[in-house]
Amino acid sequence: MSAASERRGSARTAVVWDTLRPMLDGRGLDVLDVGGGTGGFAVRVAGLGHRVSVVDPSPDALAALDRRAREQGVVVEGRQGDLSSLLDVAGSSAADVVLCHGVLEVVEDPAAALAVLREVLRPGGRLSLLVAQRNAAVIARAMAGHFAQAAALLDDTTSTGRTGRRFTLAEAEQLLTDAGFTVAASHGVRVFSDLVPGSLLDLEPGAAGALVELERAVASRAEFVPLATQLHLVAER
């Protein structure tokens, strides 16, 4: 991974970590990362002293997770499965915190998926949900000159293409409420970081750090949330 890619990645995840970190105060929580892949979040959470499991359908990703965990000197349990088999793999009331990042976009039935996630959580447990936002995808298509594609995305709630469906903030909050969750917080992620040229992060001293601070500054401002590539919502069972 190039230095610019690493800096961009930091800008993309900093806002999510700002919200997750207070949820993970103390030690000894049971944390379940659904679709956690190679452990980008899971390994870091395990480093805070929590018991972490990753459920992912890819054996290759789970193998990479195991290597990453060993390199960092932590234990993360990898289990092969997906949302359709989550209760069989993890069990009900199994987790204090569930991470579901970039998964709801590709499931057949988001409402049913959220119902399963709620069942996996213990009473009072919290869900960290990260989803792609439709507004930003419309803007990206239009800026690239793909105006027909942008128009087609405006009201498209179906799962299409490699990235799957996208959500507005209102849609995501309604899905969580309908599933029996209480939405505790929501904010935008990657408002600017996907638009900044990688060359700028490489060449301009301090640019990456300034970008992170800008992302933090606008994450919860209502006028900027519709521009975010992703939405991060925290909900309580």
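The values are calculated or read from the model by the stated rules, or taken from the named source; none is laboratory data. Since we're looking at a predicted model, the values are computed, not measured. When we count neighbours, we look across all protein chains shown, and the Cβ atoms used for this are built from the backbone with ideal geometry, even at glycine. Calculation scope for accessible area: heavy atoms of the full protein, side chains included, ligands and nucleic acids excluded. Shrake-Rupley method; radii C 1.70, N 1.55, O 1.52, S 1.80 Å.
Things worth noting here:
- Failed item, numbered, when residue 173 is tested on (1) touching a Lys or Arg at 6+ places or on another chain (Cβ under 9 Å); (2) within 17 Å of residue 228 (Cα to Cα); (3) in contact (Cβ under 8 Å) with a residue 60 or more places away in the chain; (4) among the acidic types (Asp, Glu): (1)
- The lone exception for residue 106 - which of (1) of a type in the set (Val, Ile, Thr); (2) surrounded by fewer than 20 Cβ atoms within 10 Å (Cβ to Cβ); (3) within 18 Å of residue 31 (Cα to Cα) it fails: (3)
Table: residues versus (1) at pLDDT below 95; (2) crowded, with 17+ Cβ neighbours inside 10 Å.
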{"site": "149", "(1), (2)": "yes, no"}
{"site": "159", "(1), (2)": "yes, no"}
{"site": "173", "(1), (2)": "no, yes"}
{"site": "184", "(1), (2)": "no, no"}
{"site": "203", "(1), (2)": "yes, no"}
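- Members of the stretch 109-124 found to be surrounded by fewer than 22 Cβ atoms within 10 Å (Cβ to Cβ), assigned to a strand (DSSP E or B) and either touching a helix residue (DSSP H, G or I) at 6+ places or on another chain (Cβ under 8 Å) or at negative phi (or both), listed by number: 122, 123
- Count of the stretch 45-69 residues, restricted to those that are more than 17 Å from residue 16 (Cβ to Cβ) and of a type outside the set (Gly, Ala, Ser), is 11.
- Unmet requirement for residue 190, which otherwise passes all of (1) at negative phi; (2) modelled with pLDDT of 90 or more; (3) among the basic types (Lys, Arg): (1)
- Note on the stretch 54-86: among residues that are open to solvent by 20 Å² or more (accessible area, probe 1.4 Å) and part of a loop (DSSP other than H, G, I, E, B), the one that is modelled with the lowest pLDDT is 82.
- So residue 129, is it open to solvent by 20 Å² or more (accessible area, probe 1.4 Å), closer than 16 Å to residue 103 by Cβ and at pLDDT 95 or above: no
- Some residue of the stretch 20-35 being in contact with a His (Cβ under 6 Å, 6 or more places away or on another chain) and either at pLDDT 95 or above or closer than 28 Å to residue 194 by Cα (or both): yes
- Here residue 179 meets each of (1) at pLDDT 95 or above; (2) over 24 Å from residue 14 (Cα atoms); (3) small (Gly, Ala, Ser); (4) surrounded by fewer than 16 Cβ atoms within 10 Å (Cβ to Cβ) with one exception, condition (4).
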